Amino acid sequence: AFFENEMESSKKSTERTKALDTVDGLSDIFHKQRNKGTLESRKTDKTKKTTRSLVMTSMPSEKQNTLIQVVKKFGGFVFTDHVCDTTTHVIAGNPRRTLNILLGLARGCWVLSFDWVLWSLECGHWIPEEPYELSDHFPGAPIYRLQRHLSAGEYQQELLATLPTMFISQHSQPPCDKLSEIVQLCGGRVSKTLRQAKICIDSVTQHKVLPLENYFLVK
């Protein structure tokens, strides 16, 4: 039993190391391209200005009002109720695994705590996001986000690309169409009929394919 526990601890340590190596590798590429990207962004801004959208989730009304006032003061964003292709930031009042959090992860958005808003207000401008990224709660967040930044053209995840076709029940909660969107954003394929499907999944927060033993279909 001691040997098995040691093996399990070693396995978990190896997985954490691999995740950190992935983030570090992407960060190195990110920093190398930063200057080049900044110049290209300035050129792009002169010819085409894309409106960034921001989504609030798990946020009480007083925090929502504060964020609305800060955005009015600093600009740079419009608000949307749901994460979409223009969304770059998801601000969470609490780090709950909401539908907007999952969609934000799948789209490579910044997933941030409300502290980012408060410290930006304190400093008088939008401050760097990275210290406020909710990576402790959602380990995949920096990986998705860096991959989106480094992607050329339209961003497309490949996390679920190697998995068989998936079936999502029409009676699922969250709604079937939203779960299907998450799967497809992560490179998966969705079947409309149970007969064509082989597996179901329900989470992308770890940025890894989880064991299927604890997941089952309700007939």
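Readers should treat all values here as calculations from the given coordinates under stated rules, not as data from a laboratory. Just so it is clear, the structure is predicted and the values come from calculations on it, not from any experiment. All Cβ positions, glycine included, derive from the backbone under ideal geometry; neighbour counts span all protein chains shown.
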In nanometres, the difference between 0.36 nm per residue of separation and the alpha-carbon distance of Glu158 and Phe79 is 25.6 nm
Env charge @ Gln69, Cβ radius under 13 Å, K,R +1 / D,E -1, value +2
With the 8 Å Cα cutoff and a minimum separation of six or more residues, segment 133-187 has a relative contact order in percent of 34 percent
